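The values are calculated or read from the model by the stated rules, or taken from the named source; none is laboratory data. Note that the coordinates shown come from a computational prediction; the quantities given were computed from them, not determined experimentally. Counting neighbours? That spans all protein chains shown, and the Cβs are built from the backbone with ideal geometry, glycine included. The area values use the complete protein model at the heavy-atom level, side chains included, leaving out ligands, DNA and RNA. Shrake-Rupley method; radii C 1.70, N 1.55, O 1.52, S 1.80 Å.
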Amino acid sequence: MFNYLEPPNAYYEFEKIYTAQQWAKKQQWIIDYLIEHAPDVIGFQEVFSIEALQELVRGQGYEHFAVVDTPEVIDDFIYKRPVVAIAAKYPIVEVAAVQHDNELAATLGLSADFTFSRKVLRATVTLPHIGNTDCYVVHFKSKRPMIEVDEHSKALTPEKNIIEILKANVAGGWGSTIQRGSEATLLMIHMIARREATQQPMILMGDFNNSIADGVLSHMLTNTLRFAPAFDAKTYLAKYCLNDAWDLFAKSQLASAEPQTRTDELRVDGDIASVAIEQGDINAAKPVTPRTPTHYYGASSSVLDYILLSSEFDASYHDSFYEVSGYNTYDRHLINPVFERDDLSTDHGVVIVTLTLRS
């Protein structure tokens, strides 16, 4: 949501306050997105003004909304530490903040006061055909170094100043990496335990602030086990693993050699996530285009935003209900922005996944 904060409050610094006109434009951009794409389940990040967002989405037909935290307020009107949220057109029957395993955290060498940089939201949503589904919304620790130094210290020589900044960036960057990787690990352990206890399908969506192919987060897509009995691993492993929706989409497209008719589409978005009921013919497979980045920084680009799905959404899994029939990244505001329309939108692309009930 990129600093979603209603004026006259300020985000991070006292002068960062939207005017009434700017806030109205930001609100309208979100409304236009919801009207155009008609999502059914939405995961939000960077929410400061919780009540304003709930009112906005209710006006667009989202009667079900939840958060599990509140932002921090300093000096009465300056906000920091935004939270995640979820909205749905289907009932949310349970909401909780994910609690990590303290004993495991200690085993991993984490401090006793370790916490997620932003609380992870788990909402159980009653989705069509598949029933109660655990939807997780995350915003993992950013790559911003955890150690800060005065970049313009007059007490140091220019060379010494650069050396101190360099050391802070190296150590602080690694500290952020440790935090982000630990958050992902402890969340995955929680999800596996929750899956064992409830047998409910899982959807994980949000801003990972890292490529999932990177070693820091790659374990989120673990699908093999060393030293485990091969038959047992094949029988049970897929049930507890997550799949990147992009990979499932590519696999589904390549497997669709014949025209088919499918009904009841369920759509899920990640950065601002979705579900829609449609009918129609799905044509034979088309080549899958390269994955679209969700974030741009200078001349570089990367995929930081993901939707991960349990086996119920994997067409190759024998007990699946849905398959990923559509995967898009809404990025017009990033690659072809119009100032009057997009200057107060968001700095990330929005991942949109369409799930089609298998015939």
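The table below lists the values:
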read-out	value
Within the accessible area of the chain (1.4 Å probe), percent carbon and sulfur	54 percent
Answer label, with volume of the Cα convex hull per residue in Å³ calculated from the coordinates and candidates [x] 142; [y] 174; [z] 132	[y]
Charge sum, other residues only, whose C-beta stays under 12 Å from Arg180's C-beta, Lys/Arg counted +1 and Asp/Glu -1	+1
Per residue, in Å², the accessible surface of the chain once ligands and nucleic acids are set aside, probe 1.4 Å	50 Å²
Probe 1.4 Å - accessible area at Glu159, Å² to nearest ten	130 Å²
Chain lengthening between Ala228 and Glu151 when straightened (0.36 nm per residue, less Cα-Cα)	22.6 nm
Electrostatic dipole magnitude of the chain [Cβ: Lys, Arg +1; Asp, Glu -1; Cα centre; debye, to 20]	700 debye
Rounded if a/c under 1.5, otherwise prolate or oblate - the stretch 157-236, Cα gyration tensor axes	prolate
Accessible area, probe 1.4 Å, largest first, for residues Tyr236, Tyr62	Tyr236, Tyr62
Structure-based [θ]222 nm, the chain - -39500 (n - 2.57) summed over DSSP H runs of at least 4, per residue, nearest 500	-9000 deg cm²/dmol
At R0 = 22 Å, FRET efficiency that the Cβ-Cβ distance of Phe339 and Ile35 yields, to 0.05	0.60
Nearest-0.05 FRET efficiency for Arg81 and Ala20, computed from C-beta distance (R0 41 Å)	0.95
Size of electric dipole in the stretch 64-109: Cβ of Lys, Arg +1 and of Asp, Glu -1, about Cα centre, debye, nearest 20	240 debye
